[in-house]
Amino acid sequence: QVQLVESGGGLVQPGGSLTLSCLASGSSFSIYNMAWYRQAPGKQREWVAAIINGRSTNYADSVKGRFTISRDNAKNTMYLQMNSLKPEDTGVYYCNVAGGRPLNWGQGTQVTVSS
């Protein structure tokens with residue numbers, strides 16, 4: 001099964017930017033529609049963005065216009081460019097399939113937006 005490893009998180013000031021990466025093992029990465037999710041402290045994991053059929057993108061209203069999802073199948077990697085970050089974007093960010101039965105969850109990458 002595909003294994004997922006997220007990276008790129010960190011501490012950033014409000015208004016700053018980060019780019020997250022999701023590296024997938026295995027040769028079947030390209031067949032999956034993929035998504036980013038996040039979990040804030042004390043809250044349930046929520047969907048953030050998805051990339052469908054390698055091109056079509058969808059975003060949660062809370063991040064629309066600020067985040068950009070993309071993927072490079074040749075590198076088995078998906079990205080999340082996050083701009084104009086807000087304190088409410090703080091949380092652990094995960095990647096997984098978009099809909100359907102999830103793959104094994106990775107450890108996630110922590111994003112903290114604070115001054």
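The values are calculated or read from the model by the stated rules, or taken from the named source; none is laboratory data. Since the model is a prediction, treat every value here as computed from it, not as a measurement. Using ideal geometry, Cβ is built from the backbone for each residue, glycine included, and neighbour counts are taken over all protein chains shown. Accessible surface areas use protein heavy atoms only, side chains included; no ligands, DNA or RNA. Shrake-Rupley method; radii C 1.70, N 1.55, O 1.52, S 1.80 Å.
Return the pairs, sorted by first residue and then second, in which the second residue is open to solvent by less than 80 Å² (accessible area, probe 1.4 Å) and charged (D, E, K, R), the first residue lies in region 49-65 and is farther than 19 Å from Leu85 by Cα, the beta carbons are less than 7 Å apart, and the residues are 6+ apart or on different chains. That search, which allows pairs on different chains as well, returns Ile51/Arg71; Gly54/Arg71. I'd like the full set of residues that are closer than 18 Å to Ile51 by Cα, of a type outside the set (A, V, I, L, M, F, W, C) and surrounded by fewer than 21 Cβ atoms within 10 Å (Cβ to Cβ), limited to region 86-108. Of everything in region 86-108, those that are closer than 18 Å to Ile51 by Cα, of a type outside the set (A, V, I, L, M, F, W, C) and surrounded by fewer than 21 Cβ atoms within 10 Å (Cβ to Cβ) turn out to be Gly99, Gly100, Arg101, Pro102. Of all the numbered requirements in (1) open to solvent by less than 10 Å² (accessible area, probe 1.4 Å); (2) touching a residue at least 60 places away in the same chain (Cβ under 8 Å); (3) farther than 15 Å from Lys43 by Cβ, Val111 misses one, and that requirement is (3). If you go through region 54-72 and pick out every residue that is basic (Lys, Arg) and loosely packed, with under 15 Cβ neighbours inside 10 Å, you end up with 2. It is to be established whether one or more residues within region 26-45 are modelled with pLDDT under 95, out of contact with any strand residue (DSSP E or B) (no Cβ under 7 Å at 6 or more places or on another chain) and surrounded by 15 or more Cβ atoms within 10 Å (Cβ to Cβ). So far as region 26-45 goes, yes, one or more of its residues are modelled with pLDDT under 95, out of contact with any strand residue (DSSP E or B) (no Cβ under 7 Å at 6 or more places or on another chain) and surrounded by 15 or more Cβ atoms within 10 Å (Cβ to Cβ). Restricted to region 1-94, the set of strands (runs of 3 or more DSSP E) holding at least 2 residues that are farther than 29 Å from Ser115 by Cα, out of contact with any helix residue (DSSP H, G or I) (no Cβ under 7 Å at 6 or more places or on another chain) and of a type in the set (S, T, N, Q) comprises 56-59.
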